[in-house]
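Structure first, commentary second.
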Amino acid sequence: MQEIKERLERDLANAKSAADVEQIRVHYLGRKGCITTLAKGTDFSRFSPEEKKQFGIRLNQLKNFAAEAIQKASQQAGAAAPNKKAPALDLTAPGAGRRLGALHPITLTQMELEDIFQGMGFSVLAGPEVESEYFCFEALNIPHDHPARDMQDTFWLKNNLILRTHTSANQVRTLLRFGAPIRAVFPGRCFRYEAVDPSHENTFYQCEGLVVDENISVANLIAVMKTLLSEVFRRDVKVRLRPGFFPFVEPGFELDLNCLLCGGKGCSTCGDGWIELIPCGLVHPEVLRHGGIDPTRYSGFAFGIGLTRLAMMKYGIRDIRSLNAGDLRFNKQFAVL
Ligand code: DAH
């Protein structure tokens, strides 16, 4: 054993490369290495039990010594001469590539709307998703027992706040904060206690708009809506107003878009040639008063764009549930950055 140890030390001292060290390892510690097979080649019948024990101890010491010495030598050889087989830097190889995320179709639609509105001089504002009943309902002229509340059941928090059912909750907040004149949109997430199906979700997005100034009329409302829709759909559009009831506007309307698929003749998508698109109206004097605005001096209009619905129309998404499902295969189809 002493002899093997000395030979090993000499061999390692002479080793010039990692490959040399590897050869030495195989020679001493490999499956058929001289240390590995040492016990096999020994005739133990001549040994007393004490001698056998000593042999075992020494052999283990030798193995440990060899393993350590070889490892050290191979580290040194590796540091001194890095593996010659490593490929040289290939400057022509294609890059590793960086994977980019994709913007969600709702984000894309929202960004587009923000751009269009900013082009018309609107500010883009945000308000809280956790809202008080006051801003969500009372300030919008929807008293506690009003049947309009039935359509907007929502999630209640223990502290009596609620998850807002519409972005209209921002109207009075904004008036109180900025006063008149004001021209703003508030895109954001809304919640309702809904049975979920292909066209209903408990979580969805709207983009509210509010304009308050002197002499604002329905004509201003129509002009803004037409400009908006022409830009979103990138062509001239026809719209019409039908009466619609919302407690916070007077008069209130449903703005319909002349169907872009059939040109208004009537088809399976629109039915009679018109698509109900944007509820809107002139801001109710009561709402202005809640916002600290004098309704004898100022008037305004408001509208609530279904951002989720618009994104679905724009991108041909048939099932609203795909939007929140978090399936990357869905999201990546809209990878426009
Ligand atoms: N907040 C209403 C809803 O979610 C939509 C709406 C209707 C908004 C009329 C408006 C409006 O600003 O004028 O059902």
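The values are calculated or read from the model by the stated rules, or taken from the named source; none is laboratory data. The structure displayed is predicted, hence computed values, not measured ones. A quick note on method: Cβ atoms are made from the backbone with ideal geometry, for glycine too, and the neighbour counts reach across all protein chains shown. The area values use the complete protein model at the heavy-atom level, side chains included, leaving out ligands, DNA and RNA. Shrake-Rupley method; radii C 1.70, N 1.55, O 1.52, S 1.80 Å.
A few notes on this one:
- Within segment 291-315, considering residues that are of a type in the set (Ser, Thr, Tyr) and more than 14 Å from the ligand (Cβ to nearest atom), the one nearest to the chain's Cα centre (by Cα): 315
- The number of residues in segment 149-178 being of a type outside the set (Ser, Thr, Tyr) and open to solvent by less than 20 Å² (accessible area, probe 1.4 Å) comes to 8.
- The criterion of at least 1 residues that are more than 16 Å from the ligand (Cβ to nearest atom) and closer than 26 Å to residue 326 by Cα is met, among helices (runs of 4 or more DSSP H) falling completely within segment 71-184, by 105-119.
- Cβ separations smaller than 9 Å between residues 6+ apart or across chains give the following pairs from segment 159-173 residues that are assigned by TED's automatic domain parsing to the domain that holds residue 212 to residues that are near the ligand (Cβ under 8 Å from one of its atoms) and polar (S, T, N, Q): 165/152; 166/152; 166/206; 167/206; 168/206.
- Within segment 116-150, tally of residues that are in contact with a Cys (Cβ under 9 Å, 6 or more places away or on another chain) and not hydrophobic (A, V, I, L, M, F, W, C): 1
- Hits in segment 241-294 (condition: in contact with a helix residue (DSSP H, G or I) (Cβ under 9 Å, 6 or more places away or on another chain) and assigned to a loop (DSSP other than H, G, I, E, B)): 245, 246, 247, 248, 260, 284, 291, 292, 293, 294
- Among (1) within 37 Å of the chain's Cα centre (by Cα); (2) open to solvent by 70 Å² or more (accessible area, probe 1.4 Å), the one test that residue 64 misses: (1)
- Some residue of segment 250-264 being modelled with pLDDT under 95, more than 27 Å from residue 221 (Cβ to Cβ) and open to solvent by less than 60 Å² (accessible area, probe 1.4 Å): no
- Residue within segment 18-31 that is over 22 Å from residue 74 (Cα atoms) and of a type in the set (Lys, Arg) present: no
- Subset of segment 195-248 (residues that are charged (D, E, K, R) and within 15 Å of the ligand (Cβ to nearest atom)): 201, 208, 242
- Boolean, residue 229 is open to solvent by less than 10 Å² (accessible area, probe 1.4 Å), touching a helix residue (DSSP H, G or I) at 6+ places or on another chain (Cβ under 6 Å) and not small (Gly, Ala, Ser): no
- Cβ-Cβ under 8 Å pairs, at least 6 apart or on other chains, segment 1-24 side assigned by TED's automatic domain parsing to the domain that holds residue 57 and buried (at least 18 other Cβ atoms within 10 Å of the Cβ), far side assigned to a helix (DSSP H, G or I) and acidic (Asp, Glu): 24/11
- Within segment 120-137, the set of residues being in contact (Cβ under 8 Å) with a residue 60 or more places away in the chain and of a type outside the set (S, T, N, Q) comprises 120, 121, 122, 124, 125, 126, 127, 129.
- Residue check, residue 270 farther than 19 Å from residue 169 by Cβ and open to solvent by 10 Å² or more (accessible area, probe 1.4 Å): yes
- Criterion (touching a residue at least 40 places away in the same chain (Cβ under 8 Å), out of contact with any Phe, Trp or Tyr (no Cβ under 6 Å at 6 or more places or on another chain) and either of a type in the set (Lys, Arg) or surrounded by 15 or more Cβ atoms within 10 Å (Cβ to Cβ) (or both)) met by exactly one of 187, 198: 187
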